[in-house]
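So the structure is just underneath, and the comments pick up after that.
Only the coordinates and a few stated rules stand behind these numbers; no lab work does. Computed from a predicted structure; not experimentally measured. Here the Cβ positions follow ideal geometry from the backbone for every residue, glycine too, while neighbour counts run over all protein chains shown.
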Amino acid sequence: MHQRIKMIREQLGLSQREFGEKLGVSRDVISNLEYNRVQPKELLLKHICELYSVNEHWLQTGEGEMFVKKLYSNERLEQAISLFKVLEPEFQDYALEQIKNLSELQNKGRNSKGDQ
């Protein structure tokens, strides 16, 4: 399994530090997992699968596709969600307010165009 964890990280183009930060663990934890010095906890494996859309069966057995096929692919949405997840709660609140403001601004622009 340690090789598959490394494969995921490399496929995503992330350093051990970046990969670990998004999971809430240190670079050392990721290094220890990749070099098979420690066995990963079930909770961490589930978090990897959830956060990076990894096929849990593949992670456990090596069978099937590495990533779960998504019904849609929206790179911007996925990037926004990834960034949002690592924000502190107060920054998440601020980000949501800004998104709401942008949505209202966009709707006002559409309405004024329709009035012409």
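Here are a few things to note about the model shown:
- Of all residues in region 68-110 being among the acidic types (Asp, Glu) and part of a helix (DSSP H, G or I), the one that is farthest from Ser53 (Cα to Cα): Glu104
- Residues that are under 27 Å from Ile99 (Cβ atoms) and in contact with an Asp or Glu (Cβ under 9 Å, 6 or more places away or on another chain) within region 51-82 comprise Ser53, Val68, Lys70, listed in sequence order.
- The set of residues from region 23-39 being surrounded by 14 or more Cβ atoms within 10 Å (Cβ to Cβ) and either touching a Ser or Thr at 6+ places or on another chain (Cβ under 7 Å) or assigned to a loop (DSSP other than H, G, I, E, B) (or both) comprises just one member, Val25.
- Scanning region 37-61 for residues that are among the aromatic types (Phe, Trp, Tyr) and within 16 Å of Gly20 (Cβ to Cβ) returns a single hit, Tyr52.
- When region 24-44 is filtered for residues that are in contact with a helix residue (DSSP H, G or I) (Cβ under 6 Å, 6 or more places away or on another chain) and under 23 Å from Glu78 (Cβ atoms), only Ile30 remains.
- The single condition among (1) surrounded by fewer than 12 Cβ atoms within 10 Å (Cβ to Cβ); (2) assigned to a loop (DSSP other than H, G, I, E, B); (3) of a type outside the set (Gly, Ala, Ser) that Leu14 does not meet is (1).
- Selected residue [out of contact with any strand residue (DSSP E or B) (no Cβ under 7 Å at 6 or more places or on another chain), within 20 Å of Arg9 (Cα to Cα) and surrounded by 11 or more Cβ atoms within 10 Å (Cβ to Cβ)] from Glu42, Glu78, Glu63: Glu78
- The set of residues in region 40-62 that are outside any helix (DSSP H, G or I) and over 13 Å from Arg4 (Cα atoms) comprises Lys41, Ser53.
- Number of positions in region 1-11 that are among the aliphatic types (A, V, I, L, M) and surrounded by fewer than 17 Cβ atoms within 10 Å (Cβ to Cβ): 2
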